[in-house]
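Note sheet for the following structure.
The values are calculated or read from the model by the stated rules, or taken from the named source; none is laboratory data. Everything numeric in this text was worked out from a predicted model, so none of it was measured. For neighbour counting, all protein chains shown are included, and Cβ atoms are generated from backbone atoms with ideal geometry for every residue, glycine included. Just the protein is used for accessible areas: all its heavy atoms, side chains included, with ligands, DNA and RNA removed. Shrake-Rupley method; radii C 1.70, N 1.55, O 1.52, S 1.80 Å.
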Amino acid sequence: MNNRPRYRTMELSLPPRERTTSTSSLIDDGTKRRSSSRAIKRPKFDDELVESSLGGQGSTPISKIRTRNPSLSTASDCSLSLPPTPSVTSDVRKRLSSKSSSKRARKGRGSQSIVTKDLGRWKPTDDLGLIIGVQQTCDLVTVHRGVKFSCKFTLGEVQERWYALLYDPTVSRIAQQAMKNLHPDQIQAVQSRALYSKAEEELLGAIKSNSNPTLQTFEQHLKDNPHVFFPSRTAKSLMAHWQLLKQYHLLPDQSVPPLNKNGPVKDFTEAEQQIHDSELYESSDDLLEHELGVASRGSKREIRLLEDQVSKWQVLVDTVTGISPPEFDNQTLAVLRGRLVRYLMRSREITLGRKAAGVNVDVDLALEGPAWKISRRQGIIKLRNTGDFLVANEGKRPIYVDGKPVLAGNKTKLNNNSVIEIASLRFIFLINLDLINVIRQETAKLSGH
């Protein structure tokens with residue numbers, strides 16, 4: 001009893017390291033001290049969490065090494081020679097965290113690569129077509145040959161995809177979700193191209209090849225066998241498939257014809273000699289001939305109209321380009337020249353006016369400018385035997401020649417370089433004097449005789 005206070009004073013006076021050794025020596029003497037064996041529970045700090053993870057690798061647990069208040073519980077704990085506490089720096093923590101994150105990333109990337117394998121090529125419509133095709137035919141080879149996918153897949157790729165849809169839950173879940181998101185029109189398009197099962201073709205084969213079935217026949221088949229035919233089948237699709245079977249001689253009551261009925265296969269020269277030229281000509285079709293004749297007549301009519309307009313367009317082209325041909329030639333008697341166009345007078349009488357439906361005039365004044373005030377048949381320019389030109393007004397509005405009005409029903413003489421005005425349109429009348437002189441001389445000779 002007298003020793004216990006002395007021990008406590010020594011314990012308080014010594015530094016921490018010496019205190020531990022002294023207390024251990026005192027405990028070695030056999031002195032017992034009451035202490036609690038319960039561990040104090042407190043939250044661990046971040047560095048302690050990392051250290052605790054390192055403690056499982058063969059080192060001493062950190063919880064036993066790092067204690068805030070070392071306890072003098074038992075003699076065995078105090079007599080142990082403890083190894084130095086491992087110090088965990090920030091570099092070690094970063095390295096450990098990067099390793100753990102890289103491992104998790106590799107695991108996630110591996111699983112993601114399995115999930116996303118071939119998802120870029122295999123569309124939801126391809127998966128739907130593959131599933132429907134297998135349900136109909138139960139044969140992947142037939143599905144590979146008959147189903148039209150979005151890409152050209154090999155037989156191995158089709159088999160691999162089918163097994164992935166069956167046994168890989170991740171791929172199956174993603175494919176099902178993608179197929180649920182398809183538009184109803186896309187689903188209907190895939191179902192309309194579904195392959196025909198053997199049971200469906202057997203029912204279609206019951207229809208004889210020498211019969212002429214109608215849509216009502218196939219509709220009756222659909223009503224009688226709804227459990228056999230695919231839900232998207234229609235009478236038209238059944239009829240089209242039956243016709244294909246008949247065309248390729250696949251119906252039960254049909255037999256495949258031999259390749260060549262006339263003996264062995266001949267070469268090209270022998271086959272060419274047996275061809276008759278008369279067999280190469282197609283039979284005449286009256287309806288087709290009539291349509292071709294109508295089209296030919298319409299084309300010729302358009303060509304004639306274009307030929308009539310060539311002269312008018314030539315005048316406009318000459319005006320735009322500024323290249324004007326010589327005023328006169330050996331067939332032009334006179335020229336009526338306006339601001340935009342030139343009219344050549346090559347006959348002894350020409351008519352002036354505005355061209356309209358049912359009215360044809362030699363000189364269409366509408367090409368020069370606004371002619372809505374001009375009559376359809378405004379006037380006539382005529383060459384007499386004496387070589388004089390006269391203009392007669394046959395319209396409602398007056399014609400001005402050199403500033404003098406010519407009223408309706410009257411006429412006047414035209415000289416060389418005379419100015420003619422018709423409803424704000426002005427023209428200059430030019431006479432081919434050389435040709436007119438020749439005409440006058442010939443007229444004089446005829447009158448002298």
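Identify the residue in region 107-153 that is modelled with pLDDT under 90 and β-branched (V, I, T) and, among all such residues, is farthest from Q191 (Cα to Cα). Result: I114.
Based on what the data block shows, is Q159 farther than 22 Å from S237 by Cβ, out of contact with any Pro (no Cβ under 8 Å at 6 or more places or on another chain) and either in contact (Cβ under 8 Å) with a residue 40 or more places away in the chain or assigned to a helix (DSSP H, G or I) (or both)? Yes. Do we have K404 as modelled with pLDDT of 90 or more and surrounded by fewer than 16 Cβ atoms within 10 Å (Cβ to Cβ) here? Taking the combined requirement at face value, the residue satisfies it. Restricting attention to region 122-155, the residues being small (G, A, S) and open to solvent by 30 Å² or more (accessible area, probe 1.4 Å) number 2. How many of the residues in region 316-354 are hydrophobic (A, V, I, L, M, F, W, C), outside any strand (DSSP E or B) and at pLDDT 85 or above? The qualifying residues number 1. Among the residues making up region 409-442, a single one is surrounded by 13 or more Cβ atoms within 10 Å (Cβ to Cβ) and at positive phi: A423. Listed by first and then second residue, the pairs with beta-carbon distance under 8 Å, at least 6 apart or on different chains, first residue in region 182-193 and closer than 10 Å to L128 by Cβ, second open to solvent by 90 Å² or more (accessible area, probe 1.4 Å), are Q191/P231.
Please verify whether region 369-387 includes one or more residues that are surrounded by 12 or more Cβ atoms within 10 Å (Cβ to Cβ), more than 23 Å from K413 (Cβ to Cβ), at pLDDT 85 or above and of a type outside the set (V, I, T). Checked against the condition, which is being surrounded by 12 or more Cβ atoms within 10 Å (Cβ to Cβ), more than 23 Å from K413 (Cβ to Cβ), at pLDDT 85 or above and of a type outside the set (V, I, T), region 369-387 yields at least one hit.
If the condition is being surrounded by 17 or more Cβ atoms within 10 Å (Cβ to Cβ) and out of contact with any strand residue (DSSP E or B) (no Cβ under 8 Å at 6 or more places or on another chain), then region 323-366 contributes only V341.
Listed by position, the strands (runs of 3 or more DSSP E) enclosed by region 357-449 that each have at least 2 residues that are aliphatic (A, V, I, L, M) are 379-383, 389-393, 399-401, 418-422, 425-431.
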